[in-house]
Structures are given as structure tokens and as C-alpha cells.
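Following: one structure in C-alpha cells, then a few remarks.
The values are calculated or read from the model by the stated rules, or taken from the named source; none is laboratory data. In this text the structure is predicted, and so the values were computed from the model without any measurement. Neighbour counts are summed over all protein chains in view; Cβ atoms, including those assigned to glycine, are modelled from backbone coordinates with ideal geometry. Note: areas computed on protein heavy atoms with side chains; ligands, DNA, RNA excluded. Shrake-Rupley method; radii C 1.70, N 1.55, O 1.52, S 1.80 Å.
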Amino acid sequence: MADMEAATAKMIANLEANTGKSLEQWVAATKASGHSKHGQIVAWLKGDHGLGHGYANLVAHKALASDAGSHGEDDLMAAMFEGPKAAMKPAYDKAADFVRSLGEVEFAPKKGYVSLRRSKQFALLQPSTKDRLDVGINLKGVEPECRLEKAGSWNAMVTHRVRVGSADEVDAELEGWLRRAWEAA
């Protein structure tokens, strides 16, 4: 994650050097524009201001995050596992610890799940209910078997899903599928 933070910091510095405006100035202009959806903001920044897609995407994310209140990783993680879903935190922690042991991985918390990325997303961890952690895995070309089911309409960002009911179910079988997806990413 440190590499991702360094890359973002460099991009923010380059934004000001290349455009003459700081990230804060771009965020303020975005808020004043009246655009409230990510795609609208990106199109506006690219079309009206000539920003490249990467810069426009960065500004849109920062503007929307500041509008929605605090969306720091710690806040997102706390919200994800509050209340009844707290029971799934041990299963999440065991799966996350295994994934970290593989090597370079970016953990990107969202509102309801954590995206796991290498050069691209290879899995996600989602506390879906008080008694289930869904592990989404990208394993193109792999036939579903036993606990490894097709993701279907559950989540289009992954090809397969494994339903985990406890930390004990984060076992060698699941770790093997996660390792395979990580290696392919």
C-alpha cells in the first residue's frame, strides 16, 4: 500500500506542476461546477479543462470523498465491520493475513468490501451478513467446484465466489484459489 500512496502523492504533485492548480483548487472548482456524479466530473474535467483521464479521475475521487464526509480507510473498515457484521472480522483478518503473505498486494477498502489488487484486482473480501464473508476471486477459465461457485449476478468484478462462515473456513483450499488469482494478476 505504501507504493500506492507514493504514486498518489507523486500524481498530486504533478497535477499542480502540469496544470498550475493544486488538487485543492481542482476540488473546489469541481464542487462549484455543480456536477455530483463521478462520470460527470471526469467528463467535465477532461472536456472543459483538458485534464487527462488519470488526473480527472483523481480529482473526482477526492471531490466526492470530501463531499461524503470522512472516507479514510480506517473509517471504511470500521463501518464495514460494525454491528452484527463484527462477527465476520476474524474470518476477514485470517484471509487478509494470508493474502499479505503472498507479497505485493494493495488493499483498497470501499463502502461494503475490500478490493485486493496486484497489477489488477484479483479478489475482494465482503462481509455480506452477520454470518457470512463472501470472498470474490478472479479465476478466468476455472470451472466451479464444491465451495468455489460462479459469481453470477452477485458481483460482476469477479468470476467466482466462496462463502465463508468462520475463520476456520479460510483453509488451504481457499488459500490455493486466492494464490492462483494473485499469481495471475
Straight-line reach from residue 10: which lysines have Cα under 17 Å away, leaving out those fewer than 8 places along the same chain? 21, 62
Compute the signed sum of charges (Lys and Arg +1, Asp and Glu -1) over the other residues within less than 15 Å, Cβ to Cβ, of residue 121. +3
I need the per residue convex hull volume for segment 26-122, using only the alpha carbons, in cubic angstrom as a whole number. 113 Å³
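Determine the share of segment 1-118's accessible area contributed by carbon and sulfur atoms, expressed in whole percent, with a 1.4 angstrom probe. Write down the numbers at each step before the final one.
Details: 3450 of 6490 Å².
Reported share for carbon and sulfur atoms: 53 percent.
Return the Rg/Rh ratio of segment 106-175 with Cα-based radii and a Kirkwood Rh. Numbers along the way, then the final one.
Working: Rg = 11.5 Å, Rh = 12.4 Å.
Using Cα coordinates only, the ratio equals 0.93.
Arrange the peptides 77-84, 24-31 so that the one whose residues have, on average, the most other Cβ atoms within 10 Å appears first.
Values: 77-84: 13.6, 24-31: 17.5.
With the highest mean Cβ count within 10 Å placed first, the list reads 24-31, 77-84.
When the helix-only estimate is applied to the chain (DSSP H runs of n ≥ 4, each -39,500 (n - 2.57), divided by the residue count), what is the mean residue ellipticity at 222 nm, nearest 500 deg cm²/dmol? Can you show the working numbers first?
On the way: 7 runs with 91 residues, N = 185.
Value at 222 nm, helices only: -15500 deg cm²/dmol.
From largest to smallest, what semi-axes in whole angstrom does segment 49-185 give when each is the square root of 5 times an eigenvalue of its alpha carbon gyration tensor? Walk me through the intermediate numbers first.
On the way: eigenvalues 141, 75, 35 Å².
Each semi-axis is the square root of five times an eigenvalue, giving 27, 19, 13 Å.
Sorted by average packing, counted as other Cβ atoms within 10 angstrom per residue and highest first, what order do 119-128, 96-105, 159-168 take? It would help to have the intermediate numbers written out before the result.
On the way: 119-128: 19.6, 96-105: 14.5, 159-168: 18.0.
The packing order, highest mean first, is 119-128, 159-168, 96-105.
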May I ask you to evaluate 6.51 cos²θ - 1.76 cosθ + 1.60, the Karplus curve with θ = phi - 60°, for each residue of segment 21-26 and list the ³J(HN,Hα) values in order in whole Hz, giving x for glycine and proline? 10, 6, 4, 4, 5, 5
For the chain, what is the relative contact order in percent, using Cα pairs closer than 8 Å and at least 6 residues apart in sequence? 16 percent
Accessible area per residue, Å², the chain with all protein chains present, probe 1.4 Å: 53 Å²
With DNA, RNA and ligands ignored, accessible area of residue 19 (1.4 Å probe; Å², nearest 10): 50 Å²
Ranking request for peptides 173-181, 106-114: highest mean number of other beta-carbon atoms within 10 Å first, then the rest in descending order. 173-181, 106-114
